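The values are calculated or read from the model by the stated rules, or taken from the named source; none is laboratory data. None of these values were measured; they are calculated from a predicted model. Neighbour counts run over all protein chains shown; Cβ positions are idealised from the backbone, glycine included.
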Amino acid sequence: MQSHARGHLVYAASGVLAVHTERGTSIVPANRVAWTPAEFTHYHRAHGNTDMRIVFLPPSLARLLPDRPSVFLASDLVREVLLALTGPRNYDDAAPDYSRSARSRLVRVLVDELREAREQPLHLPEPRDDRLQAITRMLYEKPADNATLTELGKAIGASTRTLSRLLRNELGMTFYEWRTQLRIYHALVLLADGHDTIQTAYACGWANPSSFIAAFTNIIGTTPGRYRTSRRTTARASRLPTVVESSD
């Protein structure tokens, strides 16, 4: 766990990132960008061969973004600006890709774009109740488990009605919604590791690839096949974590 004096944006040019805070886990696939405000305790977890890009923002620009962790849909322009700002030659003092003033202008463009972007989180809230925690642990370990909420409740000694109420009050979603989000998270990890659509569908508990493709497309905004292709296209030469600090 860590926190920073400046807020920062995180983007996975390839692979999948998860940002963990006290509020839960936000999943950041290659068509999203995550924002973590200054002093917010968090940690990152990378899945697959992840090309992680980080841009720290000065307070004057950070205040224009939400005061809580957020995940935005990354437009083509946002993606290209992030990649440009974090290119390897930015650290070559002899021949940088961009001057200090040019980088500052790009960061302003980036923030302007994000202010207009839709928040589109893939979020797994962290339950507080011991009974919900027990269920979430079981499903994290076995995302393909198709046990009903009633069956899971019997295993931990809680009624379906009680668990449904806790899910609604603590997590703000139904059991079906939460499990679908969890399965999509696992699907993104498997796709990042090179598994194909059919393998991923069955490994994450879908009855057939068609239902998996429909659920994935509804949440991620593209099919699993196109997502894998876009990840390969977006990935650039550098495979090292890349950080930019803007001081304007």
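General remarks:
- In segment 55-72, the residues that are under 19 Å from Leu122 (Cα atoms) and buried (at least 16 other Cβ atoms within 10 Å of the Cβ): Leu65, Pro69, Ser70, Val71, Phe72
- Some residue of segment 88-101 being surrounded by 20 or more Cβ atoms within 10 Å (Cβ to Cβ) and not β-branched (Val, Ile, Thr): no
- Taken over segment 139-165, the criterion of being crowded, with 18+ Cβ neighbours inside 10 Å and either within 16 Å of Leu124 (Cα to Cα) or touching a residue at least 40 places away in the same chain (Cβ under 8 Å) (or both) is satisfied by Leu139, Pro143.
- Among the residues of this structure, Tyr202 does not count as one that is in a helix (DSSP H, G or I) and closer than 27 Å to Glu22 by Cα.
- When residues of segment 43-74 are limited to those that are at pLDDT 90 or above and in contact with a helix residue (DSSP H, G or I) (Cβ under 6 Å, 6 or more places away or on another chain), the one farthest from Arg115 (Cα to Cα): Arg53
- Residues that are in contact with a Lys or Arg (Cβ under 9 Å, 6 or more places away or on another chain) and crowded, with 18+ Cβ neighbours inside 10 Å, drawn from segment 187-204: Leu191, Ala192, Thr197, Cys204
- Restricting attention to segment 19-40, the residues that are among the aliphatic types (A, V, I, L, M), touching a residue at least 60 places away in the same chain (Cβ under 8 Å) and either surrounded by fewer than 21 Cβ atoms within 10 Å (Cβ to Cβ) or not in a strand (DSSP E or B) (or both) add up to 1.
- Helices (runs of 4 or more DSSP H) wholly inside segment 41-160 that include at least 3 residues being farther than 17 Å from Ala30 by Cβ: 59-62, 100-116, 130-141, 149-156
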